[in-house]
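Worksheet for the structure shown next.
The values are calculated or read from the model by the stated rules, or taken from the named source; none is laboratory data. Keep in mind that what you see is a predicted model, and the values were worked out from it rather than measured. No Cβ is skipped: glycine too gets one built from the backbone with ideal geometry, and neighbour counts run over all protein chains shown. When the accessible area is computed, the model is the full protein with side chains, heavy atoms only, and any ligands, DNA or RNA have been set aside. Shrake-Rupley method; radii C 1.70, N 1.55, O 1.52, S 1.80 Å.
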Amino acid sequence: MFARRTGWNLAPNRYSRAVEEARRDARPLLDLTASNPTTIGLQYESERILRALQHPNALQYDPASKGILPARQAVAGYYAERGVDVSPESVVLTVSTSEAYSYCFRLLCDPGDEVLVPSPSYPLFDFLADLQDVKLVPYELVYDHGWQIEFESLRRRITPRSRAIMVVHPNNPTGHFTRQWELDRLNALCREHELALVADEVFLDYALDPSEVPLSFVANQQALTFTLSGLSKISALPQIKAAWIIASGPAALLADALARLEVIADTYLSPNAPVQWAVAELLATRHAIQRQLGERVSRNLAELDAQLKHSSMVSRLALDAGWYAVLRTPSSRSDEEIAIAILQQERVLVHPGHFFDFPDAGYLVVSLITLEDEFREGMRRVLRALDDAGNC
Ligand SMILES: Cc1ncc(COP(=O)(O)O)c(C=O)c1O
């Protein structure tokens, strides 16, 4: 009855069974995996957001394949504020970054073609690729005082079926930016093997050091590049469902890519009118919300570092940006066993590293956007569990 591509094994794993069980227990859980910004006590400009969704033009059906021009101009304006010139003609609106990925996969890949993806990284990619009949091929990121692409691993994994290299900038959950030297080498590989770049920049605005202005892939002209972002992280509004693709690259390739992308977008006409008419105003709410998130992340990180000074077993990896911290823990047990033990003994939820495809045991991921009191107490308990286990 069903397509093979949906034959996923959806049986809960040991960790998700333990989480279900813990949630059935009435005692409170401390959640250090919080990733939904609408549930962590931020002060949104609620009236402004709701008013933005009532634009009178939204009563008219006026289909525009790449999205309405004022919304695409607002997206271009967002990049202009970062000092990058983007033409509204190279912007394609989608409902989510996930949908933007689907458009890129549809544009670039025939069934069975390959896309190179960083590992460790964000886990949703597997399902997205399965749904488009694309095969994901991981390439390694390595850590040595900071993360970087392991170019030998990347080069070895390129095959005649490779179509694109994906980059998450900054990466989730490692929180590192791609550097200019890495972009130069990515461009060289793309030119040599006729590959496109797909860059996910949803966390671009969340540099820990506010004076750091990271590069943006939207300015990349050296290879055909699709840069993905959206309001779910930029304005902390995942429920609004507004995102985009910006295409850039060598002129002839770019024109062809945009023409094809426009047909894909026209086939779905996905984003709804009220949201499109609200994009400019919703983007403008980002400053206040990013300030709050930036303060939250800095305070939680300072708290984490203060607590780690007293831990003999746990350290944290360096990060440049984003909403998560990676903890290095003893690797005598699997990270799943450690996360389950923390959950059962201490009633604290943390992500086991394997959720993000860390190559070996000994990594946990915690969310830095968690409410501060919950983070402080949660980390205290996590370190107690890990230090006690390590000292036994
Ligand atoms: C790196 C990365 N890309 C994309 C997304 C999904 O974004 P959207 O809500 O726009 O689909 C997430 C969500 O957490 C993410 O972490």
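Its residue count N fixes a reference of 2.2 N^0.38 Å for the stretch 61-187, and the Cα radius of gyration divided by that reference is 1.18. Accessible surface calculations at 1.4 Å, restricted to protein heavy atoms, place the chain at 46 Å² per residue. When the solvent-accessible area of the stretch 4-109 is split by element, carbon and sulfur atoms take up 49 percent of it, the probe being 1.4 Å. Could you work out the relative contact order of the stretch 67-202? I mean the mean sequence separation of Cα pairs under 8 Å and 6+ apart, divided by the number of residues, in percent. Reported relative contact order: 20 percent. Within the straight-line cut-off of under 25 Å between alpha carbons, the lysines reachable from residue 233 are 66, 241, sequence neighbours fewer than 8 places apart in one chain being disregarded.
Close amide H partners of residue 96, meaning residues 5 or more places away or on another chain with modelled amide H under 5 Å apart, are 243.
Our summary gives the chain a relative contact order of 24 percent, counting only alpha carbon pairs under 8 angstrom and 6 or more residues apart.
Determine the sum of side-chain charges near residue 288: Lys and Arg each +1, Asp and Glu each -1, restricted to other residues whose C-beta is under 11 angstrom from that of residue 288. Computed value for this residue: +2. Taking the longest Cα principal axis of the chain as reference, the axis of helix 273-284 is set at about 60 degrees.
What list of ³J(HN,Hα) couplings, whole Hz, do you get for the stretch 45-57 from phi and the Karplus terms 6.51, -1.76, 1.60, once you set θ to phi - 60° and write x for glycine and proline? Each residue's phi maps through the Karplus curve to give 7, 4, 5, 4, 5, 5, 5, 4, 7, 10, 5, x, 4 Hz. Among 313, 166, 379, the residue with the largest mean-square fluctuation in a Gaussian network model of the chain, with springs joining Cα atoms closer than 10 Å, is 313.
Across the stretch 231-240, computed HN-Hα scalar couplings (Karplus, 6.51 cos²θ - 1.76 cosθ + 1.60, θ = phi - 60°) run 6, 5, 9, 4, 10, 6, 10, x, 6, 6 Hz from first to last residue, x flagging Gly and Pro.
The long axis of helix 180-193 is offset from the longest Cα principal axis of the chain by roughly 60 degrees. For residue 206, the residues whose amide H sits under 5 Å from its own are 322, ignoring neighbours fewer than 5 places away on the same chain, with H placed 1.01 Å from N.
Have a look at 170, 46, 258 and report the one farthest towards the positive end of the charge dipole of the chain, computed about the Cα centre with Cβ charges (Lys/Arg +1, Asp/Glu -1). Toward the positive end, the furthest listed residue is 46.
Percent of accessible area on the stretch 178-245 owned by carbon and sulfur, 1.4 Å probe? Roughly 49 percent of what the probe reaches on the stretch 178-245 is carbon or sulfur.
Surface composition of the stretch 315-392: carbon and sulfur atoms hold 45% of the protein heavy-atom accessible area at a 1.4 Å probe.
DSSP finds beta bridges in the chain, and of those with both partners inside it, around 55 percent are antiparallel.
Residues whose amide H comes within less than 5 Å of that of residue 220, counting only those at least five positions distant or on another chain, are absent (H built at 1.01 Å from N in the peptide plane).
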